[in-house]
Amino acid sequence: MSGKQEELRGIVRIGETDIKGDRKIYIGLTQIKGVSFMFSNAICKVLGLDPHGKIGALTDEQIKKIEDVLRNPQKYGIPSWLYNRRKDYTTGKDIHLIGSELEFKQKEDIRRLIDIKAYRGIRHMLGLKVRGQRTRSTGRKGRTVGVV
């Protein structure tokens with residue numbers, strides 16, 4: 001038992017994110033921004049990793065493979081419906097983004113909606129609900145809801 005604990009790393013860095021080494025692989029990968037539960041399971045299945053193994057027990061080679069799958073999922077046969085950016089606005093391709101790239105693209109999309117003065121862009125600009133939710137009783141930015 002003590003030999004096994006010595007092999008575990010405390011923190012593993014994958015995809016610009018620090019992950020605690022005592023987490024299971026499939027749960028640890030979901031801490032990366034842009035990686036869902038289904039996508040992390042697909043990574044484990046494609047690379048033949050045990051999803052219930054500890055992420056701190058991975059070798060450097062396995063970590064590089066995981067990062068390669070995150071960067072190029074189509075090369076490993078992961079289906080495009082798992083990607084977080086299908087039919088990208090600028091390129092028209094199915095891509096998967098993680099970390100700061102994903103945040104940048106989201107901000108770019110919102111900026112484009114605001115610039116063309118689309119309805120969603122105006123709602124973003126005014127700080128209101130965008131997806132058709134009720135605004136009569138909720139979404140009041142700090143004010144209490146109810147009778148005073």
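The values are calculated or read from the model by the stated rules, or taken from the named source; none is laboratory data. Note that the structure is a prediction, hence the values are computed from the model and not measured. In this analysis, Cβ positions are derived from the backbone assuming ideal geometry, glycine residues included, and neighbour counts consider all displayed protein chains. When the accessible area is computed, the model is the full protein with side chains, heavy atoms only, and any ligands, DNA or RNA have been set aside. Shrake-Rupley method; radii C 1.70, N 1.55, O 1.52, S 1.80 Å.
If only residues of region 44-60 that are among the aliphatic types (A, V, I, L, M) and either within 15 Å of residue 19 (Cβ to Cβ) or without any contact (Cβ under 8 Å) to a residue 12 or more places away in the chain (or both) are counted, the one that is most open to solvent (accessible area, probe 1.4 Å) is 57. Pairs meeting the criteria (first residue in region 32-43 and closer than 17 Å to residue 20 by Cβ, second residue among the hydroxyl-bearing types (Ser, Thr, Tyr) and surrounded by fewer than 16 Cβ atoms within 10 Å (Cβ to Cβ), beta carbons under 9 Å, at least 6 apart or on different chains) are 33/100. Screening 18, 68 for residues that are under 30 Å from residue 107 (Cβ atoms), among the charged types (D, E, K, R), within 17 Å of the chain's Cα centre (by Cα) and open to solvent by less than 80 Å² (accessible area, probe 1.4 Å) leaves exactly one candidate, 68.
The set of residues in region 83-140 being among the aromatic types (Phe, Trp, Tyr) and either under 30 Å from residue 40 (Cβ atoms) or open to solvent by less than 80 Å² (accessible area, probe 1.4 Å) (or both) consists of 83, 89, 104.
This table checks each residue for (1) modelled with pLDDT under 90; (2) under 30 Å from residue 14 (Cα atoms).
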residue	(1), (2)
97	no, yes
101	no, yes
105	no, yes
108	no, yes
122	no, no
128	yes, no
131	no, no
144	yes, no
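Can you say whether residue 32 is in contact with a Leu (Cβ under 8 Å, 6 or more places away or on another chain), modelled with pLDDT of 90 or more and not polar (S, T, N, Q), as far as the supplied structure shows? Answer is yes for this residue.
If we scan region 47-55, do we find a residue that is touching a strand residue (DSSP E or B) at 6+ places or on another chain (Cβ under 8 Å) and small (Gly, Ala, Ser)? Yes, region 47-55 has at least one match.
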